[in-house]
Every structure is written in structure tokens, then in C-alpha cells.
1. Is it the case that some residue within segment 86-101 is touching a residue at least 24 places away in the same chain (Cβ under 8 Å), out of contact with any strand residue (DSSP E or B) (no Cβ under 8 Å at 6 or more places or on another chain) and over 15 Å from residue 37 (Cβ atoms)?
2. Return yes when residue 49 is at pLDDT 95 or above, more than 15 Å from the chain's Cα centre (by Cα) and assigned to a helix (DSSP H, G or I) and no when it is not.
3. In the list 118, 104, 134, which residue meets the criterion of being within 23 Å of residue 41 (Cβ to Cβ) and assigned to a loop (DSSP other than H, G, I, E, B)?
4. Quick check, is residue 40 at pLDDT 55 or above, in contact with a helix residue (DSSP H, G or I) (Cβ under 9 Å, 6 or more places away or on another chain) and surrounded by 10 or more Cβ atoms within 10 Å (Cβ to Cβ)?
5. Under the condition of being more than 21 Å from residue 117 (Cβ to Cβ) and touching a residue at least 24 places away in the same chain (Cβ under 8 Å), which residue from segment 43-54 is surrounded by the most Cβ atoms within 10 Å (Cβ to Cβ)?
6. Condition check: farther than 21 Å from residue 44 by Cα and either surrounded by fewer than 18 Cβ atoms within 10 Å (Cβ to Cβ) or within 11 Å of the chain's Cα centre (by Cα) (or both). Does residue 94 satisfy that?
7. If residue 126 meets every condition in (1) surrounded by fewer than 17 Cβ atoms within 10 Å (Cβ to Cβ); (2) more than 17 Å from residue 27 (Cβ to Cβ); (3) in contact with a strand residue (DSSP E or B) (Cβ under 7 Å, 6 or more places away or on another chain) apart from one, which number is that one?
8. Quickly run through segment 98-115 and pick out the residues that are modelled with pLDDT of 95 or more and exposed (fewer than 15 other Cβ atoms within 10 Å of the Cβ).
């Protein structure tokens, strides 16, 4: 009886976890990525290999345990994933946090504390775009 209750609880937890994961837009059919530092012009990446590397890096990060909550951030970089010209989702990146905000306002916002070893490709690309103004 206890084993059956445990199995039922585990199944419910797994279903709930998959439902939460499904709220976020899938990172598929991404054809371009727009990256910018806070308050400066962005740079568009459309090369298949560049886009693939960025998306894979964000998918790997999505595999971690995110917190469902908005996070007020100042002086962040923006990584916007696009399907053609249509925005799919936006990541705000700081050295210590990443926040994901979907285009659909009904989808919750998520944040994750990151380390220096997370997002190496994106961090490198951010050094290639103009630096932020007034964020010294």
C-alpha cells in the first residue's frame, strides 16, 4: 500500500515537472539569435553553426533547476532567439544570473543562478558586441 502511494506520488511529480517544462517555448526552429549588451545596439547571428551552438548551450542550461520568478536586473545582456523575424524567447544574462522571459505574457518568467563555467559561447560572443554604457 505504501509502495503504491509512493509510485503514485512519483508519477504525479514527474507529470507536474513535465507540465512546467512544457510552459516554456521549445527551442526549436531557431534561425537567428540577436545579442546585445544593456543599452547598446545588438548584433544578429544567422550562421547555422553559430545559432546551433547558442541554442545547444541554452538547452543545456535549461536542463538545470530554474526558479519560477521574475528577477529585477540592471545592466544585463540580452539573448533573443528568433524564428525568422519572429521572437521566440528572450534570455537576460548577467555574470551571476540568467532570466528567461517568453514572448507570451501568459508563460511564467524563470531565473537561474549561474557560474563562470556556464554559457562559454554566449559569454565570448558578448565580448564581441559593444560594451554596455553606464554600467561600469
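The values are calculated or read from the model by the stated rules, or taken from the named source; none is laboratory data. Please read these numbers as outputs of a predicted model, since none were measured by experiment. Here Cβ is always computed from backbone atoms with ideal geometry, including for glycine, and neighbour counts include all displayed protein chains.
1. no
2. Taking the combined requirement at face value, the residue satisfies it.
3. Working: 118 fails: within 23 Å of residue 41 (Cβ to Cβ); 104 fails: within 23 Å of residue 41 (Cβ to Cβ).
Every option except 134 fails the conditions.
4. no
5. Here is the first cut: in segment 43-54, the ones more than 21 Å from residue 117 (Cβ to Cβ) are 43-49, 51.
Next, only the ones that are touching a residue at least 24 places away in the same chain (Cβ under 8 Å) stay: 43, 45.
Working: 43: 15, 45: 18.
So the residue we want is 45.
6. Details: farther than 21 Å from residue 44 by Cα: no; either surrounded by fewer than 18 Cβ atoms within 10 Å (Cβ to Cβ) or within 11 Å of the chain's Cα centre (by Cα) (or both): yes.
When the stated conditions are applied, residue 94 does not pass them.
7. The one condition residue 126 does not meet is (1).
8. Correct list: 113 only.
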